[in-house]
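The values are calculated or read from the model by the stated rules, or taken from the named source; none is laboratory data. Note that the coordinates shown come from a computational prediction; the quantities given were computed from them, not determined experimentally. Heads up, the Cβs are rebuilt from the backbone with ideal geometry, glycines too, and the neighbour counts pull from every protein chain shown. Accessible surface areas use protein heavy atoms only, side chains included; no ligands, DNA or RNA. Shrake-Rupley method; radii C 1.70, N 1.55, O 1.52, S 1.80 Å.
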Amino acid sequence: MSLFQLGLRRAAAQLSRSSFTCGQCLRPQTPTAPPSQILKLVAARAPAVRSYATETESPIASLSRNIQNESTSKQKSEKKSSFPDTNAKSVGYWLLGSAASVFGIVVFGGLTRLTESGLSITEWRPVTGSLPPMSPEDWDSEFEKYRASPEYKLINPHMDLDEFKKIYFMEWTHRLWGRFIGLSFVIPTIYFIARRRVTPRMAATLVGISALIGFQGFIGWWMVKSGLKDDLFAPGSHPRVSQYRLAAHLAAAFACYSWMLLAGLSVFRTHRALHDLEAAAKHFAALKSPALNFLRRSVLGLTALIFTTVLSGALVAGLDAGLIYNEFPKMGTGYMPPKSELLDKFYSRKEDCSDLWWRNMLENPSFVQLDHRILAMTTFTAVLALFAYSRTGRVKAAMPPNVRKGVMGLVHLVSLQVALGITTLIYIVPIHLAATHQAGALALLSGVLVLGQRLRIPKNTVALVQRQLKNSAQPLKTQALSQKIQEVAKNAATKA
């Protein structure tokens with residue numbers, strides 16, 4: 001075997017190089033003619049054209065490649081998320097309509113409390129309770145349940161069936177309205193999310209509001225339940241719901257209304273900005289002025305102050321504290337009740353009286369009314385101070401027109417609310433004035449929320465406006481580039 005391999009090596013060494021070359025390559029080639037003078041002239045006059053064509057990508061090719069990359073990235077982003085960048089206008093109308101419905105049920109809930117109708121239904125039946133009693137036997141059964149409640153025994157022992165039907169229908173309407181709000185919000189929420197009519201952020205907002213509505217129904221029954229047991233209030237006292245639970249119920253309703261209102265306004269604000277891009281860009285640039293930073297923080301603090309004043313009003317309503325000291329600005333002989341009345345040991349539940357202060361602040365009707373007066377006048381003064389600050393030279397020059405109108409509207413609302421509060425107190429809480437005062441509180445909160453929304457810089461909307469401006473400028477850049485390419489080609493042809 002080794003001898004065979006050695007023979008192959010010797011034979012390969014003796015073979016010539018031509019043995020491994022094809023015949024066509026061994027044929028003699030005709031000599032090429034030298035380049036003509038015309039070609040030499042063109043080559044000498046256009047070296048830049050050759051280097052541009054060989055080394056640099058042409059503008060048209062670069063533009064087409066950029067457009068293709070943008071379309072590819074856009075398709076990838078669309079595949080990644082099927083939710084739109086903006087919410088449909090119908091979502092905004094629906095949110096504002098839901099907020100108006102919540103506004104109405106808050107006022108009607110105040111009427112239900114003022115007419116002492118809230119404890120007429122002693123059971124919580126979310127589904128079967130949607131229908132009122134349909135037969136005399138059903139009415140007798142409901143009336144018998146009410147007779148067993150502390151309110152009937154201590155306040156309404158002489159009430160007959162016809163009078164009971166009046167307060168029953170008040171509470172039944174209030175609960176039915178709450179069910180309607182829940183269904184009219186949850187069902188469209190599912191539809192808008194399933195049909196991809198909202199952005200991912202708005203979808204999360206709608207789910208949160210839906211959960212809050214359901215929780216609000218639970219708080220409502222938890223509040224009513226507190227007025228159906230004797231052990232939750234002092235023996236012999238007026239049967240009423242817990243003022244803490246009433247404040248929680250009202251706070252949840254105000255939070256739900258505020259959430260709906262702000263979400264609806266944000267939808268229309270985005271659509272207005274996209275309708276006029278240049279005006280929106282100027283408006284957002286004006287809002288970024290450092291002169292408005294303190295005003296923006298002040299409106300945020302004022303919102304918290306108004307909400308706290310509303311909660312103190314709920315404590316006044318829960319304790320019927322508006323039925324005492326029906327004069328203003330004094331409370332009796334002075335501007336505040338005596339110290340012994342404000343810090344009454346009757347409300348303390350500990351032997352060392354360590355809870356004397358906060359128990360009186362939240363459970364003593366005299367102290368609770370004083371708290372509400374102080375908070376109300378503080379809110380009124382803060383709004384006037386905000387108005388005066390907004391009229392200073394630097395802030396006034398930086399404020400957009402809609403912000404200036406919002407501040408003025410807030411002054412009108414707080415003035416009306418203070419007048420309603422004083423009138424309600426002086427006339428010993430008539431039903432129509434008390435309900436109007438509660439509506440005024442919600443209107444005042446709406447005013448400060450709208451003002452804060454106008455001062456806020458929505459980052460998502462600003463990004464959308466900038467993107468639309470960039471996309472609208474792209475065709476102009478393309479046209480300018482094509483004109484430049486035509487000029488370069490024309491100059492090259494002229495030189496040639």
Query raised in the report: Roughly how many percent of the accessible protein surface of region 138-250 is carbon and sulfur, given a 1.4 Å probe and a whole-percent answer?
Result: 64 percent
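Roll a 1.4 Å probe over the protein chains and send me the accessible area per residue for region 134-184 in Å². Kindly include the intermediate steps, with their values, before the conclusion.
Values: 3000 Å² over 51 residues.
Per-residue value: 59 Å².
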Requested in this report: Please say if region 354-425 is rounded, prolate or oblate, where rounded means a/c under 1.5 for a ≥ b ≥ c the square roots of the C-alpha gyration tensor eigenvalues, and otherwise the choice is prolate for a/b larger than b/c and oblate otherwise?
Outcome: prolate
Query raised in the report: Of the trypsin sites (Lys or Arg not before Pro) in region 139-231, which ones lie in a loop per DSSP and count no more than 15 other C-beta atoms within 10 Å?
Result: Arg195, Arg196, Lys229
Requested in this report: Count neighbours as other Cβ atoms within 10 Å of each site's Cβ, and list the GluC sites (Glu not before Pro) in region 324-420 that are DSSP loop with at most 16 such neighbours.
Outcome: Glu327, Glu351
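Pick out, in residue order, every one of the trypsin sites (Lys or Arg not before Pro) in region 244-347 that is DSSP loop and has at most 12 other C-beta atoms within 10 Å; say none if there are none. Display every interim value, and only then the final one.
Numbers: sites: Arg245, Arg269, Arg272, Lys282, Lys288, Arg296, Arg297, Lys330, Lys339, Lys345; in loops: Lys288, Lys330.
When the trypsin sites (Lys or Arg not before Pro) of region 244-347 are filtered for loop state and at most 12 Cβ neighbours within 10 Å, Lys288, Lys330 remain.
Roll a 1.4 angstrom probe over the protein heavy atoms and tell me the percent of accessible area of region 270-319 that is carbon or sulfur.
C and S fraction of accessible area: 65 percent.
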Report task. Enumerate the calculated ³J(HN,Hα) couplings along region 116-128 in order (Karplus 6.51 cos²θ - 1.76 cosθ + 1.60, θ = phi - 60°), each rounded to whole Hz, writing x wherever the residue is Gly or Pro. Result -> 6, 9, x, 9, 6, 9, 9, 10, 10, 10, x, 9, 6
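When the accessible area of region 320-416 is computed with all protein chains present and a 1.4 Å probe, what percentage of it is carbon and sulfur? The partial results should precede the final answer.
Values: 3600 of 5520 Å².
On region 320-416, the fraction of accessible area on carbon and sulfur atoms equals 65 percent.
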**Report entry** Average accessible surface area per residue within region 319-389, 1.4 Å rolling probe, Å²
**Finding:** 58 Å²
